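Written below as structure tokens is the structure these notes are about.
The values are calculated or read from the model by the stated rules, or taken from the named source; none is laboratory data. What you see is a predicted model; the values in this text were computed from it and never measured. Here the Cβ positions follow ideal geometry from the backbone for every residue, glycine too, while neighbour counts run over all protein chains shown. These area figures cover heavy atoms from the full protein model, side chains too; ligands, DNA and RNA do not enter into them. Shrake-Rupley method; radii C 1.70, N 1.55, O 1.52, S 1.80 Å.
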Amino acid sequence: MKRFTALALALAACVGFTNANAAEQSGTLKKIHDSGSITIGHRDASIPFSYYDDKQQPIGFAMDLCLRVVDAIKQELKMPKLDVKYQLVTSANRIPLMANGTIDLECGSTTNNAARQKEVAFTITHFLTANRIVSKKSANLKSEADLKGKTMVSTSGTTNIKQLTDLNTSKNMGMNIIPANGHPEAFQMVETGRAVGFVMDDILLYSLVASSRNPSEFVISDFALSLPEPYGIMLRRDDPAFKKVVDNAMSRIYKSGEAAKLYEKWFLKPIPPKNINLNVPLSSQMKNLFANPTDSPDPHAYK
């Protein structure tokens, strides 16, 4: 009888602790705990961060990071089972869907900047992009000065073509700048020799080169026309308890070396569904980021 009483008291204490722990939760952690599920926002074609495989399942570098964050949330909430739901998002609706509670994590290629931090929050940066140039190796573009007098192309309506135009004006470089209707059209102009170089986010250029008929014909510039631009996994704003759990999980992934292995998987090896190899080397800025994780939206923090 005494053994039964002791066991009952121990179980009651355990239940009481669990309930107290649940009662302390708030915001997104409470939402996840009470619903028994977490909803991940993903993209359909943000290669290699978040996109569909040949079975229409979301995969990618950011998706792998998010699934590891989910494991950390399960551990934090002491929930061995947590239903993971997926919600396709676009550039236009990802922030509203985060703000209204439809998604709990947005896993893709969203730029973390000061303007967006007024509406949402971001965890540790997972990629740094910059405005660079793809050209044929024969063009021999080694520095910004080599662009002088050249015919260049960029996609109409982007920040990239604005930066190129500002550079042309401010340094009187005499470039002939052509606006293209889309990234494929701009890249084709370089392929066919109608433009010497195409200026765009470097990760998009790597994808275009890898998908081209002769990838070895092209080179992406070592020099950039912009400061690094941080991509981050998006969270709801003003939810410090949830952000702390996610930030701690990301820091552990980076400092354990797991992030570097995931980078190699998605940026340096053939990826599904077409087995293209983006062959994007780990930059010195990314190496520094893995060693010193930060969620800063300031491009100068990554120089």
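Of all residues in the stretch 258-303, which are in a loop (DSSP other than H, G, I, E, B) and free of Cβ contacts under 8 Å to residues at least 40 places away in the same chain? Scanning the stretch 258-303 gives Leu268, Lys269, Pro270, Asn275, Pro281, Leu282, Asn292.
For the stretch 140-172, the set of residues classified as crowded, with 18+ Cβ neighbours inside 10 Å, hydrophobic (A, V, I, L, M, F, W, C) and either farther than 11 Å from Leu225 by Cβ or touching a Pro at 6+ places or on another chain (Cβ under 9 Å) (or both) consists of Leu141, Val153, Ile161, listed by residue number. Counting the residues of the stretch 121-157 that are among the hydroxyl-bearing types (Ser, Thr, Tyr), modelled with pLDDT under 95 and assigned to a loop (DSSP other than H, G, I, E, B) gives 1.
Among residues that are more than 13 Å from His126 (Cβ to Cβ) and aromatic (Phe, Trp, Tyr), Phe242 is included.
Being touching a strand residue (DSSP E or B) at 6+ places or on another chain (Cβ under 9 Å), crowded, with 20+ Cβ neighbours inside 10 Å and on the phi < 0 side of the Ramachandran plot is true of Ser221. When the residues of the stretch 174-191 are filtered to those that are modelled with pLDDT under 90 and assigned to a helix (DSSP H, G or I), the one that is most open to solvent (accessible area, probe 1.4 Å) is Pro184. Checking each residue in the stretch 68-90 for being open to solvent by less than 70 Å² (accessible area, probe 1.4 Å), in a loop (DSSP other than H, G, I, E, B) and touching a Ser or Thr at 6+ places or on another chain (Cβ under 9 Å) picks out Leu82, Val89. Among the candidates Asp238, Asp201, single out the residue that is farther than 17 Å from Leu141 by Cβ, in contact with a Gly (Cβ under 9 Å, 6 or more places away or on another chain) and acidic (Asp, Glu). Asp238 is the lone residue from the list that is farther than 17 Å from Leu141 by Cβ, in contact with a Gly (Cβ under 9 Å, 6 or more places away or on another chain) and acidic (Asp, Glu).
Take Lys265 and tell me if it is within 27 Å of Gln117 (Cβ to Cβ) and either aliphatic (A, V, I, L, M) or surrounded by fewer than 21 Cβ atoms within 10 Å (Cβ to Cβ) (or both). In short, no. Note on the stretch 192-257: no enclosed strands (runs of 3 or more DSSP E) hold 2 or more residues that are more than 21 Å from Ser109 (Cβ to Cβ) and free of Cβ contacts under 8 Å to residues at least 40 places away in the same chain. Scanning the stretch 36-67 for residues that are touching a residue at least 40 places away in the same chain (Cβ under 8 Å), open to solvent by less than 10 Å² (accessible area, probe 1.4 Å) and under 17 Å from the mean Cα position of the chain (by Cα) yields Ile40, Gly41, His42, Pro48, Phe49, Ser50, Gly60, Phe61, Ala62, Met63, Leu65, Cys66.
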